Structures are given as structure tokens and as C-alpha cells.
Amino acid sequence: METIFALASARGRAGVSVIRVSGPQAKNAALVLCGSLPKARQAGVRRITWRGDVIDDALVLSFDAGASFTGEDVVEFQVHGSVAVVKAVLAALAEQPGLRVAEAGEFTRRALENGRLDLSEVEGLGDLIEAETELQRQRAMAQMSGGLRRLADDLRAKLVRAAALIEATIDFADEDVPVDVTPEVLDLIGAVLPELQAQVDGFGVAERLRDGFEVVIVGRPNAGKSTLLNALAGREAAITSTIAGTTRDLIEVRMDLAGLPVTVVDTAGLREAGDEIERIGIAKAIERARMADLCVALLDGADPLPLLAEVEIDIAVQAKADEVAGPIPAGRIAISGKTGQGIAALIEEIGRRLERKIMGASAINRMRHLEAVSRAIMALESARIEVLGSPDRMELVAERLREAIRALESLVGRVDVEHLLGEIFANFCIGK
């Protein structure tokens, strides 16, 4: 096994930079540079020298194999975050025999291979690195802490029990078995199937929590959609003008809205288009509103928008409330993008509606997870049919139960995932 090294913190100038070394030669390489190492899991200041030159005074930590992130001997150098210092340390490590620069995600991959993480925890770590909001961080930490593994293990244990009962009837088919096992097997299958179906039902919301919700703003031309987008974003993300039809294409802004990951989309004004380009923009606006998690309609009059007949309006907003002389129609949130009136109330309402959606979020949030759980459901439904059928079909029941068990094991990377690893780890940075 080769020893790998890389910068584990962000590139560029910083207060402190962390360089990680992992593998059988990690401690020997560190001894060459530092002369001595502190006790395992204790930090100590050491002077890093190479070829007679002093590179830096660093805080050094070492971890023994089996008690480190990767499961191997690991040494970490916390050096001053100078680009020149980092470059010099990396160059010195590169000259050590048996050491090479780590590939993207290779530290985490070794943690997986050495049993320090399962595949679902690796994916949780990837989500944690990408987390932009507090809720994303919490969800990622839950998965990284083994939440999906515990669910899979609990359901798997029930299916293993069911499979053992069925195997017993097969092994002793020529003897009188005193107890009919089919009621317990059916009970076990009946306990697992609803849990799996709940995961499938909540998949869409869980995926949105990881990738972000979409809120689309629609309204007539010059209703203030772009001004509202800018107010939500806190910057000039869209061009605003009194000229109707200024926005022809979709303008998207990613933001943390009420603690949730949200992409807010500004759309072309809805009216009878005057030219082909505007007509395309309006068609795209309607289609995007139809597919969105929430549709916010800016209304500047008492009449609804005829072009939105096929779109469900989730939040009705009275646009340009600072210019409205009469009473605001019931059911509308009065806002003004210019003065800020009602913006906080609108954000609160968006957050409240999205929070209702996330109540049913499942523990699975990737297509790989969905496919595995769906395979397990199909196998269990088939197993139940066979149990209720002829008693001489127990071999088929056993095989279907084994299929469901393998599907659950693939969730955490115990089987059938080798072809996925390259794609998964390619999305990690070098230092992870």
C-alpha cells in the first residue's frame, strides 16, 4: 500500500494550513522532516527541515493505524498558511521514497476500504462538505453519523430472521416441523414493507433538501418580480426597469431562505407576447412555475392571471404595496421590493410552506438509494405472494428474501457498489 499526502485545507493564503499523510510510511516520512513525533493523538510543536533548510515550525499530530480517519498510520502537519511554506512541505514529502500525492477523495476511499466509514457515511461526508444551510448540515451529519446504516441494519435483521425461518422449513422438509413459520414470516415482511415504502414516499423531499428547493416568481410585466428577487437576494441579481418585458429569460439565484436551500427564479412577465422571443420566455416561465416547489404570484390588480390557469399559485402577493391606495385583497401578502415592506413576512411564509414539505423527508436522498429500496420492495412483495401461495414454493420465498437483503446491504456499500466508487470519490477534493 502506497503512502499518500495532500493539502487537506483550502488552497491559498490562510492562517493555518493542514497537510495530511496517510499510509505505512507516514511516520517515517514525518521523522525525516521533524526528527521526532509527539505521542499518538497528542499535538506537539516540531521544526520542519529539509536538506539543511528550515521550512517552518509546525504543530504535528500522529495517529496509529486503526485509530485514524483512514484506518492507517496518519500524520498531520499544521503549518503557517503561507503558499510558499505549503509548497515547500509538499515538495519535501514528494521526495520521500514510497510517497505520492493523493488523488481526489483517496483519503476517504481508504477510510471506506478499511472499515472506518460505510458508503452511506461517505456520501454524508460529501453532503457535509457541500452543505450551504443549517438544515443541510444537520441532514448530512445525521447520515455521516450512520443514520441510514442503522435503518438498513434494523430492517435487514428482520429479513434475516424471516429468511432463517424459511430456510429451516426447506432444510427439514422431510420431517414434521411442529410450528408453522409462515405467520411470523408474513409479520416480519409486513413490518419491513411500510418502512421501505415510507422511504420511497419521502425521497423527493429528501433529494430537494440536499439539492435545494425551487421557488418561482410569476406575474405581469413590470409587476416588480425582479425587484422582489433582488430584495430576497440582497443584491442586484436582476435588471429592473419600468419598461415592460425587460426580463425575457429565467434568472436564478441560489440562497439560504428561512434556513433552507432555495433557488429563486425570476421569470418573464405574463402577457400576450409581442414577439417570438418574448413568447418563448413566457412559455418557459409557465412551465417552470408548474414544476416548482412553490409558485409566488405577484398580483398588481384584483384580477387573476389568465395565463396561470394551469399553475397552482401557492402564495399570492400584492405587488408594489407602497403604491396601493385602497385595501389589499384578502389572502395576499402585501410587499414592496423598494421599501422592504412585507419581505420578512413573505420569507416567513415561504419557509413555513417548505417546512411542511420536509416533514415527510426520508433518510434516502440519492437515486442509488431509491433504486436499492425499490428493489427490496419488489422482492418482498414477491416473497409475500409466494408465502401465501403453495407451501412447496419456499425456495422462491427464500431467494426473494435474499434479494431484499442484498438490496439493503447495497445501501451501505457492502455489495454491488464497486462500479459507483470512482464517480462518488471524483466529486471529493484532493485533501479528502
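What to note about this one:
- Positive-end ranking of MET378, GLY360, MET141 along the dipole of the chain, with charges on Cβ about the Cα centre, is headed by MET141.
- Per-residue SASA remark: MET367, around 100 Å² accessible (1.4 Å probe; ligands, DNA and RNA not included).
- In a reduced charge model with +1 at each Lys and Arg Cβ and -1 at each Asp and Glu Cβ, the chain shows a dipole moment near 1940 debye about its Cα centre.
- Taking every protein chain into account, the accessible area of the chain amounts to 48 square angstrom per residue (probe 1.4 Å).
- Based on the reciprocal of the average 1/r between different C-alpha atoms, the Kirkwood radius for the chain equals 26.3 Å.
- Sequence-ordered 3J(HN,Hα) estimates for the range 210-221 from the Karplus curve with 6.51, -1.76 and 1.60 and θ = phi - 60° stand at 7, 8, x, 7, 10, 10, 10, 9, 10, x, 5, x Hz, glycine and proline given as x.
- Across HIS80, HIS369, the residue with the most accessible area heads the list, and the full order at a 1.4 Å probe is HIS80, HIS369.
- Diffusion coefficient, µm² s⁻¹, Stokes-Einstein with Kirkwood Rh over alpha-carbon pairs of the range 1-155 at 25 °C and 0.890 mPa s: 148 µm²/s
- Among GLY281, GLY389, GLY98: highest mean-square fluctuation, GNM of the chain, C-alpha pairs under 10 Å: GLY389
- Gyration tensor (alpha-carbon) shape descriptor, the range 92-210, a/c threshold 1.5: oblate
- For the range 78-214, a crude dipole built from +1 on the beta carbon of Lys and Arg and -1 on the beta carbon of Asp and Glu, taken about the Cα centre, is about 1040 debye to the nearest 20.
- When the helices of the chain are scored as -39500 (n - 2.57) per DSSP H run of n ≥ 4 and the total is divided over every residue, the value at 222 nm lands at -14500 deg cm²/dmol.
- Among VAL215, VAL412, VAL18, the largest mean-square fluctuation in a Gaussian network model of the chain (Cα springs under 10 Å) belongs to VAL18.
- Carbon plus sulfur fraction of accessible area for the chain, probe 1.4 Å, in percent: 52 percent
- Model label sites at THR182 and LEU250, defined 7 Å from Cα along the beta-carbon direction, differ in position by 5.3 nm.
- Furthest towards positive pole of dipole, VAL85, SER68, LEU7, structure part the range 1-117, Cβ charges: VAL85
- Scattering curve values for the range 278-416, log₁₀ I(q)/I(0), Debye with Cα scatterers, q = 0.14, 0.15, 0.19 Å⁻¹: -0.79, -0.85, -1.11
- DSSP bridge pairs, the chain: antiparallel proportion in percent, nearest 5: 60 percent
- Straight-distance crosslink candidates among lysines, where the alpha carbon sits under 27 Å from LYS432 and sequence neighbours closer than 8 are dropped: LYS27, LYS39, LYS87
- Within a Gaussian network of the chain (alpha carbon springs, distance under 10 Å), most fluctuating of ALA14, ALA268, ALA376: ALA14
- If you take all other residues with their beta carbon under 12 Å from the beta carbon of ARG100, and give Lys and Arg +1 and Asp and Glu -1, the sum is -4.
- Site pair ARG279 and MET359 shows an inter-label distance of 4.5 nm when each label is modelled 7 Å from Cα along Cα→Cβ.
- Neighbour net charge for HIS80 - beta-carbon separation under 11 angstrom, K R +1, D E -1: -1
The values are calculated or read from the model by the stated rules, or taken from the named source; none is laboratory data. Being a predicted model, the structure only gives us computed values, none of them experimental. FYI the Cβ positions are ideal-geometry reconstructions off the backbone, even for glycines, and counts take in every protein chain you see. What goes into the accessible areas is simple: the full protein's heavy atoms, side chains included, and nothing from ligands, DNA or RNA. Shrake-Rupley method; radii C 1.70, N 1.55, O 1.52, S 1.80 Å.
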